[in-house]
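Here the structure comes first, spelled out in structure tokens, and everything after it is commentary.
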Amino acid sequence: MTRIRMAGVVAALTLPAALNAQGDCFPSASSNEAQTFAILSVPLAFTGARAPSAKPRGIAFGLEIANLPRVSRAIATPTTCRPGKGPENTAPIPLIVRPRLAAAVEGFLVEVGWIPPVSIGGVTANLLGLAIGRPFALTPSLTLGVRAHAVVGSLRAPITCDDDALDDPASECFGGTRSDDRWRPGVYGLEAVVGGGSSRMRTHAGVGYARLQPRFRVNFTNAQGETDRRRVEVDLDRVALFGGVTVPLGVVRVTGEAYATIGDAVTARIVLRTPLR
């Protein structure tokens with residue numbers, strides 16, 4: 001009898017966890033979910049967005065602005081985790097703004113970027129970008145830069161069920177509460193860039209490898225009071241191409257760059273930099 005009771009206790013403790021785990025979703029790399037994550041990761045990649053300098057010096061503060069690529073309604077409609085339901089809210093904000101700080105350390109260029117937890121359009125991000133690069137002079141006018149970068153942290157937004165979906169009688173979100181979903185993009189990469197030019201204008205072009213490890217957690221309570229907390233996870237590999245131009249504007253250097261991962265999307269970013277010392 002004691003053994004039967006113990007088995008009952010163990011089953012009662014483990015069954016809810018097992019049922020919850022059954023809802024977790026691991027879509028394939030060809031799914032709409034994976035494609036959506038890849039598109040939205042393009043502007044988050046912490047690229048150098050500049051022509052490398054053969055002898056980096058000092059400390060510089062920068063401000064980066066990048067557009068959020070559009071995800072079509074077809075791709076924003078899940079094919080694996082919630083097939084046929086959606087489209088999801090993939091464009092809550094049009095731009096990302098990221099302050100940056102770069103410092104030359106023993107021939108290396110160390111960079112930090114941060115999207116602080118300020119709520120805009122229902123989106124609250126807390127994303128830290130980290131990078132380290134090393135330049136190599138190829139000729140008196142051309143420099144090769146090799147750089148490793150990463151973006152860690154998360155953002156929260158009503159992606160699964162936004163206000164429009166809550167008011168739509170045809171949506172599973174109808175009558176529920178706005179979702180408070182959490183996305184950890186997990187963008188890691190390596191890049192090689194060649195740059196050159198004069199003091200009036202410098203150009204750069206490069207190629208990179210991106211490893212994407214998006215981790216998504218749904219947090220939605222429907223009209224019946226049932227809460228969806230499933231996880232969505234996928235690992236992706238991408239090739240990136242980018243290029244841009246840097247021009248001086250007084251004490252500020254302005255860089256315009258186009259950055260794309262093949263098969264996903266293109267983002268345009270502008271970075272303003274000024275030396276601190």
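Full extension of the segment from Ile262 to Gln213, taken as 0.36 nm per residue of separation minus the current Cα-Cα distance, would add 15.9 nm.
Given segment 121-214 reduced to its alpha-carbon atoms as identical point scatterers, what log10 I(q)/I(0) does the Debye formula return at q = 0.25 Å⁻¹? For the requested q values the scattering log ratios are -1.14. In terms of accessible area, using a 1.4 Å probe and ignoring ligands and nucleic acids, Asp235, Asp167, Asp264, Asp181 rank largest first as Asp167, Asp235, Asp264, Asp181.
Here's how it looks for Gly122: its modeled amide H is under 5 Å from none belonging to a residue 5 or more places away or on a different chain. Labels on offer are (1) 60, 43, 33; (2) 82, 39, 34; (3) 83, 47, 33, and the one holding Cα extents along the principal axes in Å computed from this structure is (3). Calculated mean residue ellipticity, 222 nm, the chain: -4000 deg cm²/dmol, from DSSP H runs (n ≥ 4) at -39500 (n - 2.57) each, averaged per residue and rounded to 500.
Using the Karplus relation 6.51 cos²θ - 1.76 cosθ + 1.60 with θ = phi - 60°, the per-residue 3J(HN,Hα) values for segment 70-84 come to 7, 9, 5, 4, 5, 6, 6, 8, x, 10, 10, 7, 9, x, x Hz, with x marking Gly and Pro. Remark: the chain carries a charge dipole of roughly 1120 debye about the Cα centre, counting +1 on each Lys and Arg Cβ and -1 on each Asp and Glu Cβ. Ordering Asn89, Val247, Ser179 by Cα displacement along the dipole of the chain toward the positive end leaves Val247 in first place; charges were set at the Cβ atoms of Lys, Arg (+1) and Asp, Glu (-1).
Measuring with a 1.4 angstrom probe and ignoring ligands and nucleic acids, Ser30 comes out at about 110 Å² accessible. With a 1.4 Å probe rolled over the protein heavy atoms of all chains, the accessible area of Ile75, Ile262, Ile96 falls in the order Ile262, Ile75, Ile96, largest first.
Largest to smallest in accessible area, the residues Asp24, Asp168 fall in the order Asp168, Asp24 (1.4 Å probe, all protein chains included).
With angles folded into 0 to 90 degrees, how steeply does helix 2-22 sit against the dominant principal axis of the chain? Use alpha carbons for both and round to 10. Rounded to the nearest ten degrees, it is 50. Were the residues from Trp114 through Phe26 laid out at 0.36 nm apart, the gain over their Cα-Cα distance would be 28.8 nm.
The values are calculated or read from the model by the stated rules, or taken from the named source; none is laboratory data. Everything numeric here is computed off the predicted structure, so don't read it as measured data. Using ideal geometry, Cβ is built from the backbone for each residue, glycine included, and neighbour counts are taken over all protein chains shown. Note: accessible area is taken over every heavy atom of the protein model, side chains too, but ligands, DNA and RNA are not part of it. Shrake-Rupley method; radii C 1.70, N 1.55, O 1.52, S 1.80 Å.
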